[in-house]
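Below is one structure, written out as structure tokens, with a few remarks after it.
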Amino acid sequence: MKKFYLALLIIIAAVVVSYGFIGAQQSQGDKHPDVDWTLSCQECHSEMTPEVYKDWELSKHGDVDFGCYICHGDGQEVFYPKGTDERCGGCHAAQLVEFEKTKFNSCYDCHNGHTLKFHNE
Amino acid sequence: MSLSRRDFLRASALSAAATTLGIGSIFGNEAFAKAKIDEADFMQDSKGVQWHKSVCRFCGVGCGVMLGVKDGKPVGIRGDKENTVNSGLLCVKAFYLHQMITAKNRLLYPMIRKNGKLTRATWEEALDLVASKFSEIRDKYGPDALAFYGSGQAETEETYVANKLFKGHIGTNNVEGNPRLCMASAVGGYTTTFGADEPIGTYDDIEKCDLFFIVGSNTAEAHPVLYDRIARRKRQNPNVKIVIVDPRKTPTNKIADLHLQVIPGYDLAIIHAIAKLIIDNGYTDEQFIKDSVNFSDGKNPITYEDYKKFLEKYTPEYAAKQCGVNADDIVKAAKLFGETPRVMTMWCMGVNQRVAGVFLNNLIHNLHLLTGKLGKDGCDSFSLTGQPNACGGVREGGGLCHLLPGHRVVANEQHRKEIAELWNVPAEKIQPKPGKHTVAMFDALGKGEIKGIYILCTNPAQSIPNLNKYLKGMSDAFMVVAESFHPTETSQVADVVLPAAFWGEKEGVYGCTERRSQHMAQALKPSGEARWDGFILADIAKRMGYGNNFEHFTSVEAVWTEYIKSTKGKDMDLTGATFARLKKVRGLRWPVPSEDHPGTTHRFTDGDPYFPKDKAAGKRMYFYTKPDGRATIFARPDKGPEEPTSAEYPIALTTGRIMEQWHTMTMTGQVPELVRAAPNPYVEINPEDAKEWGVKTRDKVRMVTKRGSLIVEAKVVDRPRKGTIFVPWHWPESLTNILTIDAVDPGSKEPEYKVAACRVEKA
Amino acid sequence: MIIASMIVKALPENIDEVVLKLNNIPNVTTYGVHKEENIILLIEADSEDQLKDLSRYINSEFEGILGTYPTFVASDEEMEDVIKSSN
Ligand code: SF4
């Protein structure tokens, strides 16, 4: 029975996210390649990275058309190669939780960045 | 961390089931919320960020937003999970609000035009100049040579101070605001049909509604969080149906069961046809009609029988031909409307921005009155608002040329008396004749009839229709612009530019779509030399010699407290919404007549504190804002657009917004992420048209109307119907409103942004 | 008090009816229809016996049900342990 509860807690922790969106613009080093900046993210990525694009399109973010920029920045002035937990918490404030009190370090421990589903599905 | 065991267990149980099905955490969030960061932690977190309760600065949904501040700087935004409007969820615009506070284009000091150039000035200089110029114009040409043009984004308190100064002290009713361009037809519809402005129900109805009838609204992009509530309702209850009437396929279509893709400007016949089918098939609520409805042809009362006769011509076939849709689909829509017990109609600019805007509003109300689907759970004729405080500040605060605060009109002597008394001015000071409505106001600027204008928190040099005709007037007149940002199309041609404190730097009240007034906290000091708009106006009042009646406005609260006195005993009673109370709660929905009153979910029925049980005598609804308590069903003609397509201009042009941008991009244009979503101005073209014209995506095309022409990139996409193009109007470098028509609805004076005839050619 | 959740599979044709009927059973709440044929149920029973009775009733007395799949069972007492071990 204990094992079952542990599994459960994992699920619960997966639903919750860390501490709010702090708009600190920390760069993660990597730069987005210099491209034709008159294009929107989707226009280019639907051709360049069709699989990722498809994952996004079928996700809840894709459903409401919240584009790449919402997690990755505009690519030119701000760029986050990987999404940050802080950004998740901005919109999903109802899911805020203190990670220190869970066994997890990031939203992305469980949620796939593009499909937004749990990894194990 | 407080945790109720049972809640935890319930949440765990649901989560387990959801995970098994692979559907994530679409529910159970509320139960989880209890296991999360508690209120105190939420407001002041361990990283030293202080969170302040506020309301989103953008659309009329009125989402609760928390602004995070550390060391006097805005550091973040998150949704307010305690706010029942959005339960913590935000859309993309709000997400970047804190970045706009420190945007590069913030205006930090006053400027005065000297030798043709805007140059930095002190507040003393600027305010003295405004006051002396305005006094001079008033003395030389009379009060009606002055005007005020405000905004549905200004706080209620700001509009109130401006109204008091211009209508009550300077003595002109030339007080307008941009809600004239978006909500005036809805106001016209509500006041003619029900006798009072604003919806009867609230957002609470969404979670109980089984049919959403969406007309002329791209809810998914224009009101994303509301759309999410509707979509969630449907996801959890697959029986819920969604019918859309719109010339475009929009992202909202993702949840649609039926789409009537009408020709722009011709949808009135559809609504009449649905009304006819409702009657023919016995879907009416005859008792309700007998109890609570009158009929009118717009001039005189008519009978129910007359109305039925009037509808005879509106067969589904007739309407289908008029509107370019399938007759079967109209029958389907009518059947759904008639058979579904709980129906909400929602509409937005596609209905309001039309020369038949008020008529169409009336016709929508007709459907709900015929079926009695009003004033009960899950039912309403519910207009969506574009701006965050069009309802609260301008419609309720009386910020239009025919209105006075508290749902009053200037034409009513009693109303003038009441407000004059509150303002401590002689009743004669307030003119009985309405002032100039927006389009007439800018026309008068061009003609030199209005010589001085004060523009607050809006950008008419980009937003009014048929711009070419009005731009010169704006640069000729003495124009004062109070803004948080510079340059805008308007501030560039101003004579004086005053730096206004922005959202987060001032407190105040916004009133959203569902009659909910919400307090926004001041979390920061104003940037640079910026000041609160209310204080700026009061200062000008003082310099013009009206100081006595503005002296006590030493705080935002003082203004609010005076304002709510004007609502006492009115249908929109805010007496119980004191400043202190609003600071604590997540908004209150009027009428809220006392501090212990919780607010009202449905008006004109049991539960509304003003519902007169004695007069109603057993009737379910009594429209106490009408003399006999009955709402009116109108037999209105199915008027088409002002400018139908022609051989020379064969294409219908319609304009609107996209999700990532807001109006004239003054704010959202500063956020690189939002700009990236749609970096260039464009026009949506139907693939069939594109083929015919030999146009591909990213080709340049020229759009020509009788009023002007514009070149933008083509975006070939199956969204607009064939023969229609759609142009978003955000980009200042590409002024869409050069093309639009300035014809207005004769009742509401709202321009027809949604339909113009144009020609498209490859550029 | 015992709290349990289960997934009830039903034919899409009668699923609305099933939901309605399920909601009429005391101590049973439904949480929407998912992926066309799955209803999520939350049951709050006084005892294990009552839970069994309820499950049996749902399984056998309802038309149009394809099957029931328990996903979670716990009692208040066990809960104590969970909270302790998670802190
Ligand atoms: S839906 Fe409207 S109010 Fe809500 S966050 Fe988006 S823009 Fe702001």
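The values are calculated or read from the model by the stated rules, or taken from the named source; none is laboratory data. Bear in mind the structure is a predicted one, so any value in this text is a computation, not a measurement. Glycine also receives a Cβ, built like all others from the backbone with ideal geometry; neighbour counts cover every protein chain displayed.
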### Query
In this structure, is B:Gly618 surrounded by 14 or more Cβ atoms within 10 Å (Cβ to Cβ) and on the phi > 0 side of the Ramachandran plot?
no
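Just wondering, is there one or more residues in the range B:671-679 that are among the basic types (Lys, Arg), under 23 Å from B:Val351 (Cα atoms) and crowded, with 21+ Cβ neighbours inside 10 Å?
Taking the range B:671-679 and keeping what is among the basic types (Lys, Arg), we get B:676.
Of the ones still in play, those that are also under 23 Å from B:Val351 (Cα atoms) are none.
No, the range B:671-679 has no match at all.
Restricting to the range B:384-430, name every residue that is within 16 Å of the ligand (Cβ to nearest atom) and of a type in the set (A, V, I, L, M).
Pass one, the range B:384-430, residues within 16 Å of the ligand (Cβ to nearest atom): B:384-393.
Correct list: B:Leu384, B:Ala390.
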### Query
Of the residues that make up the range B:231-244, is at least one within 16 Å of the ligand (Cβ to nearest atom), among the charged types (D, E, K, R), modelled with pLDDT under 95 and under 23 Å from the mean Cα position of the chain (by Cα)?
no
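The rows are residues; the columns are (1) farther than 13 Å from B:Lys167 by Cβ; (2) in a helix (DSSP H, G or I); (3) outside the structural domain of B:Val497 (by TED's automatic domain parsing).
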site	(1), (2), (3)
B:Ile419	no, yes, no
B:Asp443	yes, yes, no
B:Gly446	yes, yes, no
B:Glu449	yes, no, no
B:Ile455	yes, no, no
B:Thr458	yes, no, no
B:Ala461	yes, yes, no
B:Leu471	yes, yes, no
### Query
Among the residues of the range B:258-275, is there at least one that is over 19 Å from B:Asp328 (Cα atoms) and more than 14 Å from chain A (Cβ to nearest Cβ)?
yes
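For the subset of the range B:60-82 comprising residues that are assigned to a loop (DSSP other than H, G, I, E, B) and within 11 Å of another protein chain (Cβ to nearest Cβ), which member is farthest from the ligand (Cβ to nearest atom)? Even if it seems obvious, please write down each step before you answer.
Restricting attention to the range B:60-82, the residues satisfying the condition of being assigned to a loop (DSSP other than H, G, I, E, B) are B:60-63, B:71-72, B:80-82.
Next, from what is left, pick out any that are within 11 Å of another protein chain (Cβ to nearest Cβ): B:63, B:80-82.
Working: B:Cys63: 3, B:Asp80: 10, B:Lys81: 13, B:Glu82: 15 Å.
Checked the range B:60-82; the qualifying residue farthest from the ligand (Cβ to nearest atom) is B:Glu82.
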### Query
Got a number for residues in the range B:54-81 being acidic (Asp, Glu) and more than 24 Å from the chain's Cα centre (by Cα)?
1
### Task
Scan the range B:583-599 residue by residue and report those that are touching a Ser or Thr at 6+ places or on another chain (Cβ under 8 Å) and of a type in the set (Val, Ile, Thr).
B:Val592
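One line per residue, one yes/no per condition, for (1) among the charged types (D, E, K, R); (2) at pLDDT below 75; (3) crowded, with 19+ Cβ neighbours inside 10 Å:
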site	(1), (2), (3)
B:Ser2	no, yes, no
B:Met43	no, yes, no
B:Ser46	no, yes, no
B:Phe58	no, no, yes
B:Asn86	no, no, yes
B:Leu108	no, no, no
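What are the residues in the range B:507-526 that are among the charged types (D, E, K, R) and surrounded by fewer than 24 Cβ atoms within 10 Å (Cβ to Cβ), if any? Talk me through it step by step, then tell me what you get.
Residues of the range B:507-526 among the charged types (D, E, K, R): B:507, B:514-516, B:525.
B:Glu507, B:Lys525 - these are the residues of the range B:507-526 that are among the charged types (D, E, K, R) and surrounded by fewer than 24 Cβ atoms within 10 Å (Cβ to Cβ).
Hey, among B:Lys104, B:Lys114, B:Lys93, B:Lys133, which residue is within 16 Å of the ligand (Cβ to nearest atom) and charged (D, E, K, R)?
Matching residue, one of B:Lys104, B:Lys114, B:Lys93, B:Lys133: B:Lys93.
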### Query
Tell me, which helices (runs of 4 or more DSSP H) wholly within the range A:32-121 include 2 or more residues that are farther than 23 Å from B:Asn86 by Cα, in contact with a helix residue (DSSP H, G or I) (Cβ under 8 Å, 6 or more places away or on another chain) and facing chain B (nearest Cβ under 9 Å)?
A:41-48
### Task
Search the range B:681-693 for residues that are part of a helix (DSSP H, G or I) and pair each with any residue that is of a type in the set (Lys, Arg) when their beta-carbon atoms are under 8 Å apart and the residues are at least 6 apart or on different chains.
B:Glu688/B:Lys722; B:Asp689/B:Lys722; B:Ala690/B:Lys696; B:Trp693/B:Lys762
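Got at least one residue in the range B:638-656 being part of a loop (DSSP other than H, G, I, E, B), more than 26 Å from A:Cys41 (Cα to Cα) and aromatic (Phe, Trp, Tyr)? Talk me through it step by step, then tell me what you get.
Taking the range B:638-656 first, the residues part of a loop (DSSP other than H, G, I, E, B) are B:638-650.
In the following step, the residues that additionally are more than 26 Å from A:Cys41 (Cα to Cα) were identified as B:638-650.
Filter once more, so that each one left must be aromatic (Phe, Trp, Tyr): B:649.
Checked the range B:638-656: at least one residue is part of a loop (DSSP other than H, G, I, E, B), more than 26 Å from A:Cys41 (Cα to Cα) and aromatic (Phe, Trp, Tyr).
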### Message
Return the pair list, or none, for Cβ contacts closer than 6 Å from residues in the range B:652-668 that are more than 13 Å from every other protein chain (Cβ to nearest Cβ) to residues that are part of a strand (DSSP E or B) and among the basic types (Lys, Arg), at least 6 apart or on different chains.
### Response
none
### Query
If you take the residues of the range B:559-584 that are without any contact (Cβ under 8 Å) to a residue 24 or more places away in the chain and surrounded by 15 or more Cβ atoms within 10 Å (Cβ to Cβ), which of them is nearest to the chain's Cα centre (by Cα)?
B:Ile564
## Note on the structure
Residue pairs within 9 Å by beta carbon, gap of at least six or interchain, first lying in the range B:707-727 and acidic (Asp, Glu), second in a strand (DSSP E or B), listed first then second, are B:Glu713/B:Tyr682; B:Glu713/B:Val683; B:Glu713/B:Lys700; B:Glu713/B:Val701
### Task
Determine if the range B:248-255 includes at least one residue that is touching a residue at least 40 places away in the same chain (Cβ under 8 Å), within 14 Å of chain C (Cβ to nearest Cβ), over 22 Å from B:Thr371 (Cα atoms) and more than 16 Å from the ligand (Cβ to nearest atom).
no
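Considering only the range B:193-210, I want to know if a residue exists there that is part of a strand (DSSP E or B), at pLDDT 95 or above, within 16 Å of the ligand (Cβ to nearest atom) and assigned by TED's automatic domain parsing to the domain that holds B:Asn294. Even if it seems obvious, please write down each step before you answer.
So in the range B:193-210, the residues part of a strand (DSSP E or B) come out as none.
No; the residues of the range B:193-210 include none that is part of a strand (DSSP E or B), at pLDDT 95 or above, within 16 Å of the ligand (Cβ to nearest atom) and assigned by TED's automatic domain parsing to the domain that holds B:Asn294.
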